[in-house]
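Novice: Next up is a structure, given as structure tokens.
Values quoted throughout were computed directly from the atomic coordinates according to the rules given, and no laboratory measurement underlies them. Nothing here was measured: the structure is a model prediction, and the numbers come from that model. Every residue, glycine among them, receives a Cβ derived from its backbone with ideal geometry; neighbour counts consider all protein chains shown.
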Amino acid sequence: MITKVGKKYQLDFRPDGSKGKRVTRLFKLRADAVQFQQTYVSRLSETQAVQAIVDDRQLNDLIKLWFDFHGRSLKSAVDTRNRLFKLSELLGNPRAKFIDPELLAGYRTTRLNQGILPATLNRELITLKALFRELKRLSVIDYDSSVLTVRKLREAKRELSYLSLSQVERLRVQVDLTTNESLPFVVMICLVTGARWSEAEGLTVKNCINQGFQFVDTKNGNSRFVPVEESVFLYIKNRLVQGDFKSCYGAFRSAFKRAALVVPRGQLAHILRHTFASHFTMNGGNIIALQKILGHSSLNQTMKYAHLAPSYMVQALQFNPLSGSLNNPTTA
């Protein structure tokens, strides 16, 4: 709106609408006020068009920016970046701003039909959401992606599998037959400490202290110490004096197959960790101590083993409503 104020003309308008920024100027001539308003609106439109082009970048472009500005500082930086690129490839490297719930719903349906587990798709979603949140925080993008509104798929709760003592022996026989000399040592570390595979495989001689192992390159970044028997300590330390372990997960997978052992899909990497925790609990180990040994940040993570505790079994017998009354059961 242009109004006359004294001998001048006042321009007062909101180029972005009633809730947008207010612009006021005084001009000697009305024509100057009109010209200024037209020029301002034109340049604003050009700026918004440029911004729209910037926000029209493809997902791969944002993944690169995310990695450069933030991702490279993460513990699993390269792995996370590669998983994001793989997801982008499967989505067709779309324009990032236009990734919406409908696109992801179609993608997830296709992947589920291909046999991909909901847990895998949920991890992809969590990673993608984290990317958009971080880029918004860094002002790399100026919008809230609708990806953030997508919910995780429901996952069926799976009973954690573990090996019996006889199965452990069957596995160790095959492990000892492997040509990968690092494998028997890594398997033993996992079985006596409950370490994750990467933690055991990454153990070095300097981490062998006080008759135990100090795990430093852990999932949550917190180091932890686990004591072991002297014979085990010396066996592992004497090997590490000769050099670090070589990658041996592929050899483990082959040995597991030769032992004719089967675990639920997705649990092979942690089967030795689950075996340690399960037998620890069944033998009467304290659940709080187990939490510390496994390096769980929350006790809730460790409670999945609680049902294996002897006290749990005994109490099921002692405290059910018919306890002690079924010595001479009657029939109706």
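Novice: If you place +1 on the Cβ of every Lys and Arg and -1 on the Cβ of every Asp and Glu, how big does the dipole about the Cα centre of region 172-218 come out, in debye to the nearest 20?
Specialist: Working: 3 positive and 5 negative charges, 22 e Å.
My answer is approximately 100 debye.
Novice: Can you work out the PRE-style zone for LYS292? Point 7 Å along Cα to Cβ, and I want the residues of region 199-242 with backbone N under 18 Å.
Specialist: Those under the cut-off are 209-216, 222-229.
Novice: Using +1 at the Cβ of each Lys and Arg and -1 at the Cβ of each Asp and Glu in region 169-230, identify which of GLY194, LEU183, ASN220 lies farthest towards the dipole's positive end.
Specialist: The residue sitting most towards the positive pole is ASN220.
Novice: Over the Cα atoms, compute the radius of gyration (one decimal) and Dmax (the largest Cα-Cα distance, rounded to a whole number) for the chain, in Å.
Specialist: Values for the chain (Cα only, Rg and Dmax): 30.9, 110 Å.
Novice: Modelling each spin label as a point 7 Å along the Cα-to-Cβ direction, I'd like the LEU117/GLU169 distance in nm, to one decimal.
Specialist: Simple spin-label model gives 3.0 nm for this pair.
Novice: Per residue of the chain, what 222 nm ellipticity follows from adding -39500 (n - 2.57) for every DSSP H run with n ≥ 4, rounded to the nearest 500?
Specialist: -15500 deg cm²/dmol
Novice: For a Förster distance of 35 Å, can you work out the FRET efficiency between the beta-carbons of SER231 and ALA77, rounded to the nearest 0.05? It would help to have the intermediate numbers written out before the result.
Specialist: On the way: r = 38 Å, r/R0 = 1.09.
Step by step, r from the Cβ atoms, then E = 0.35.
Novice: Bin by bin, in steps of 5 Å, what percent of the Cα pairs in region 1-153 do you find, going until the bin that has the longest distance?
Specialist: 2, 8, 14, 15, 13, 9, 7, 7, 7, 6, 5, 4, 2, 1, 0, 0
Novice: Rounded to the nearest Å, what's the spacing between the alpha carbon centres of region 225-262 and region 1-39? Just the number, please.
Specialist: 78
Novice: Same structure again: For region 165-316, what does the alpha-carbon gyration tensor say about shape, rounded, prolate or oblate, given a ≥ b ≥ c as the root eigenvalues, a/c under 1.5 as rounded, and a/b over b/c as prolate?
Specialist: oblate
Novice: Give me the one-decimal nm value for the distance between modelled label points at GLN211 and LEU177, 7 Å along each residue's Cα-to-Cβ direction.
Specialist: Each label point is offset 7 Å from its Cα along the Cβ direction, giving 3.6 nm.
Novice: Here is a follow-up. Given charges of +1 on the Cβ of Lys and Arg and -1 on the Cβ of Asp and Glu, with all other atoms neutral, how large is the dipole of region 165-316 about its Cα centre, in debye to the nearest 20?
Specialist: Around 380 debye, computed over region 165-316.
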